[in-house]
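First the structure, in the form of structure tokens, and then the observations on it.
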Amino acid sequence: MKRLLLFSLLALTMLPSTADTLTIRQAFIEMPDSLIPYLSHNSRLDFIDFMDSQMKAEITNDFGGKSLMTALGDDSLTIRLNDACTLDLLLLTTIEPVDNSRHVIAMITTVGVDDGYQESSVEYYSVNWNRLTTVPTLTADDRKRLESREKPLKILKFIGDKLNKN
């Protein structure tokens with residue numbers, strides 16, 4: 001009996017921690033429904049199944065419209081929630097641990113219908129989906145990945161430039 005208990009404890013310590021092996025698909029499935037009211041847990045599972053089957057990953061969202069997953073990787077995914085809103089989730093590596101993990105999830109919401117008139121907002125979450133109140137310190141590569149997905153509102157920059165010239 002003692003050997004069985006000792007073996008069980010040893011086996012558990014050899015397993016990798018969930019935070020170290022987390023993929024964006026696991027995080028997406030475990031995401032609370034309240035963060036994206038468009039998509040229920042079952043809708044998120046359907047997206048994963050469609051992408052794995054190499055089918056068009058389009059579902060009828062909880063508001064009766066169509067949502068389309070356009071990309072799914074180990075560390076990122078992209079969903080067009082509707083014609084004017086896109087959602088990107090990125091699994092990013094931090095320099096300092098956050099909730100005992102070296103990873104955080106960035107949720108990038110981009111609104112707008114034309115590339116020239118889109119704006120993004122970023123929210124950060126721990127791998128347990130606790131919202132972070134401060135921006136985590138990311139590795140240089142992951143900062144670049146994040147910046148490549150963000151879209152500042154260009155029209156406001158244009159107006160600001162005009163106002164500064166007068």
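Run the accessible area of segment 30-136 with a 1.4 Å probe and give the carbon-and-sulfur part as a rounded percent. All intermediate terms of the calculation are to be shown ahead of the outcome.
On the way: 2540 of 5530 Å².
Its accessible area is 46 percent carbon and sulfur atoms.
When a/c is below 1.5 the answer is rounded, else prolate if a/b is larger than b/c, else oblate, so apply that to segment 18-59 with a ≥ b ≥ c taken from the square roots of the Cα gyration tensor eigenvalues. Walk me through the intermediate numbers first.
Numbers: a/c = 3.20, a/b = 1.17, b/c = 2.73.
Cα axes put segment 18-59 in the oblate bin.
Count the net charge of all other residues whose Cβ sits under 14 Å from the Cβ of SER34, scoring Lys and Arg as +1 and Asp and Glu as -1.
It works out to a net charge of -2.
Label ASN42 and TYR117 with points 7 Å out from Cα along Cα→Cβ: what is the distance between them in nm?
Between ASN42 and TYR117, the label points sit 3.7 nm apart.
Tally Lys/Arg at +1 and Asp/Glu at -1 over every other residue whose Cβ is under 13 Å from the Cβ of ILE95; what's the total?
On the way: positive: ARG102, ARG143; negative: GLU96, ASP141, ASP142.
Counting the neighbours of ILE95, the net charge comes to -1.
Using the heavy atoms of the protein chains and a 1.4 angstrom probe, tell me the accessible area per residue for segment 46-155 in square angstrom. Numbers along the way, then the final one.
Values: 6080 Å² over 110 residues.
Ligands and nucleic acids excluded, the figure is 55 Å² per residue.
The values are calculated or read from the model by the stated rules, or taken from the named source; none is laboratory data. Predicted model only: the values in this text are computed from it and were never measured. All Cβ positions, glycine included, derive from the backbone under ideal geometry; neighbour counts span all protein chains shown. Note: areas computed on protein heavy atoms with side chains; ligands, DNA, RNA excluded. Shrake-Rupley method; radii C 1.70, N 1.55, O 1.52, S 1.80 Å.
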